[in-house]
1. So for region A:17-38 (the condition being away from every other protein chain (no Cβ under 12 Å), surrounded by fewer than 15 Cβ atoms within 10 Å (Cβ to Cβ) and assigned to a strand (DSSP E or B)), does at least one residue qualify?
2. Report yes if residue B:107 is within 11 Å of chain A (Cβ to nearest Cβ) and under 15 Å from the mean Cα position of the chain (by Cα), otherwise no.
3. How about region A:62-100: which of its residues are at pLDDT below 95 and at the interface with chain B (Cβ under 7 Å from one of its Cβ atoms)?
4. Residues in region B:70-84: is at least one surrounded by 22 or more Cβ atoms within 10 Å (Cβ to Cβ) and either free of Cβ contacts under 8 Å to residues at least 60 places away in the same chain or under 20 Å from residue A:40 (Cβ atoms) (or both)?
5. Looking at region A:70-85, is at least one residue in a loop (DSSP other than H, G, I, E, B), over 11 Å from the mean Cα position of the chain (by Cα) and closer than 28 Å to residue B:96 by Cβ?
6. Please specify each residue of region B:25-50 satisfying the condition of being farther than 14 Å from residue A:102 by Cα, under 11 Å from the mean Cα position of the chain (by Cα) and without any contact (Cβ under 8 Å) to a residue 60 or more places away in the chain.
């Protein structure tokens with residue numbers, strides 16, 4: 001089967017940097033995605049890594065190490081609005097349909 | 001450019017009843033996937049529709065069924081509701097099934113089964 005593990009909760013203060021880790025076990029691998037979901041809202045796409053290394057998009061960066069089956073999401077200059085749940089996800093290899101398998105999610109609480 | 005829309009936003013049903021949820025994909029998208037998200041959990045894949053056919057199904061019983069219309073909109077039907085079906089039901093759309101890891105999610109329908 002395929003599974004992803006990420007911490008359940010992370011707390012940080014405004015202006016700080018926080019890293020959310022994700023380890024995965026898959027039978028095949030295309031890449032690792034990250035989604036943000038505010039309470040009661042829709043998951044929104046943040047980033048995607050298919051190759052090893054760091055991808056930067058504004059205050060958010062995402063890293064992937066395929067050899068370690070590991071990735072992380074880095075949030076810099078934290079703002080109160082960054083308080084949300086963050087999910088890592090991989091695409092299922094079977095069926096070639098783009099079916100996403102999500103981790104359990106990490107709840108980030110940003111404090112003033 | 002309208003994003004993914006879902007209706008209704010909230011729904012309350014009792015055990016044994018049937019429910020239909022609706023989804024309109026983002027403009028230009030032809031593939032619709034449905035996910036169930038229990039409180040505090042990640043979304044779980046129910047099934048995906050492309051060209052009006054179910055292409056892949058997750059680990060959900062036959063009580064969960066769906067349909068896709070020629071305009072690419074989709075419905076999710078759940079029969080014989082159980083208390084455990086209470087969840088947020090998310091619809092996600094993408095262009096050309098299997099070609100992208102980016103899916104666009106709707107705001108979801110919050111289903112409560114009493």
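The values are calculated or read from the model by the stated rules, or taken from the named source; none is laboratory data. Predicted model, so just to flag it, every value in this text is computed and none were measured. Reconstructed Cβ throughout: ideal geometry from the backbone, glycine too, with neighbour counts over all protein chains shown.
1. The answer is yes; a qualifying residue exists.
2. yes
3. A:91, A:95, A:96, A:97, A:98, A:99, A:100
4. yes
5. The answer is no, given that none of the residues of region A:70-85 is in a loop (DSSP other than H, G, I, E, B), over 11 Å from the mean Cα position of the chain (by Cα) and closer than 28 Å to residue B:96 by Cβ.
6. Correct list: B:47, B:48, B:49.
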